[in-house]
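See structure below.
The values are calculated or read from the model by the stated rules, or taken from the named source; none is laboratory data. Computed from a prediction, not measured in an experiment: that's the story for all the values here. Here the Cβ positions follow ideal geometry from the backbone for every residue, glycine too, while neighbour counts run over all protein chains shown. Just the protein is used for accessible areas: all its heavy atoms, side chains included, with ligands, DNA and RNA removed. Shrake-Rupley method; radii C 1.70, N 1.55, O 1.52, S 1.80 Å.
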Amino acid sequence: MDEKDIQKQLEEILSGMEDPACLASPEAMDKLKELGLTRHDKEIPTEEVIRSRIERAALLSEQVPPVPEGLPASISFLFQDVRECIIYGLYGAAITLSCNLIEFALKQATFIKEAGGYRKTEPEKWDEFEDMEFGPAINRAKTAGLVTSKMSKALHEFRTDVRNPYGHYNIKKITDGTVAEDVKLIDLITGEINTRNIDAGDNPLIQGHAKRVVDAHQVEYVFKFAYVVVVELFSRINSIDESEAED
């Protein structure tokens, strides 16, 4: 089959897809270039795509919960970074930053609680928390009375299931169990097309694309979890300062 026929095959496949994506191994991509075929990717968004993203961002900015009141400035800034990532569709970044937000909030809240309130904190003691891992930070917060046994269990599960895979970019673990259905495979020599389902966890070629799908489904749960944890932690911290002010 000549290059014009293969070009036509590719165009027919992609034209029938609602959100087309063409993935190829480096070797296959080199073959496409040899044949003089156009790359079917989305590296440079068109003006129409950019416009639609701006419109979507404007809509989402009204739907994503605002930064809660009563948070330390450092927590508020990080919280706002998460919000902006969601609004602009950077879901993978939003999930990773949400994990950072939970871990940082745990450390900050424990640091303040152990000191007896904001006004009693000693900056030089923060270094111990700065180098603390997520697991010990959860346990320290529990010991300080900031999280219940139920919340501690949920946080450790979150650490294992979400934070660690995203923090270390364990893409196989993140995409494991995600199946791309009815994938059309084209042979660049014969032009033959086959259709089959592919498990992303076992196929590095599609894991990057699959991760974006997983991110989009996961981001709402992760952000809500982070929101609940942060609000609960600092409602307890703020009650300490309120009681201190009354005294």
Solvent-accessible ranking of ARG159, ARG212, largest area first, probe 1.4 Å: ARG212, ARG159
Calculate, in nm to one decimal, what GLU114 and GLU84 gain on full extension: separation in residues at 0.36 nm each, minus their alpha carbon distance. 7.6 nm
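Give me the extension gain from SER52 to ILE240: residue separation times 0.36 nm, minus the current Cα-Cα distance, reported in nm with one decimal. Mind dumping the intermediate values first?
Working: separation 188, 0.36 × 188 = 67.68 nm, distance 4.63 nm.
Using 0.36 nm per residue and subtracting the Cα-Cα distance, I get 63.0 nm.
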Karplus-derived HN-Hα couplings along the range 99-113 (A = 6.51, B = -1.76, C = 1.60, θ = phi - 60°), whole Hz, x at Gly and Pro: 5, 4, 4, 5, 5, 5, 5, 4, 5, 4, 5, 5, 4, 6, 5
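With every protein chain present, what is the per residue accessible area of the range 57-122 (1.4 Å probe, Å²)? Provide the component values of the computation, followed by the final result.
On the way: 3000 Å² over 66 residues.
Roughly 46 Å² per residue, with all protein chains present.
Can you pull the percent of Cα pairs in the range 134-247 with separation above 25 Å? Walk me through the numbers on the way to the answer.
On the way: 2976 of 6441 pairs.
The share of Cα pairs beyond 25 Å in the range 134-247 comes to 46 percent.
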So who's got an amide H within less than 5 Å of the one on VAL183, skipping anything under 5 residues away but keeping other chains? H placed 1.01 Å off N, in plane. ARG196, ASN197, ILE198
Whole-Hz Karplus ³J(HN,Hα) for the range 116-128, in order, using 6.51 cos²θ - 1.76 cosθ + 1.60 and θ = phi - 60°, x for Gly and Pro? x, x, 3, 6, 9, 5, 10, x, 5, 7, 5, 3, 4
What shape does the range 93-134 take by its C-alpha gyration tensor, where a ≥ b ≥ c are the square roots of the eigenvalues and a/c under 1.5 counts as rounded, a/b above b/c as prolate, and the rest as oblate? prolate
I want to check the label-to-label distance for ALA216 and ASN194. Put each point 7 Å from Cα in the C-beta direction and report it in nm to one decimal. 2.8 nm
Going by accessible area, probe 1.4 Å, with all protein chains left in place, what is the ranking of THR143, THR96, largest first? THR143, THR96
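Stretch GLU122-HIS209 to full length: gain in nm at 0.36 nm per residue minus the Cα-Cα span? Write out the running numbers ahead of the final one.
Details: separation 87, 0.36 × 87 = 31.32 nm, distance 4.62 nm.
Result: 26.7 nm gained on full extension.
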Hey, rough spin-label estimate for SER61 and GLU34, points 7 angstrom out along Cα→Cβ, what's it come to in nanometres? 5.0 nm
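The range 58-174: percent of C-alpha pairs farther apart than 16 Å?
Details: 4432 of 6786 pairs.
Cα-Cα pairs in the range 58-174 separated by more than 16 Å: 65 percent.
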Probe 1.4 Å, protein heavy atoms only - accessible area per residue of the range 141-226 in square angstrom: 59 Å²
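Kirkwood Rh over Cα pairs of the range 141-207 into Stokes-Einstein at 20 °C, 1.002 mPa s: D in µm²/s? Before the final figure, lay out each step's value.
Numbers: Rh = 14.9 Å.
Answer, rounded: 143 µm²/s.
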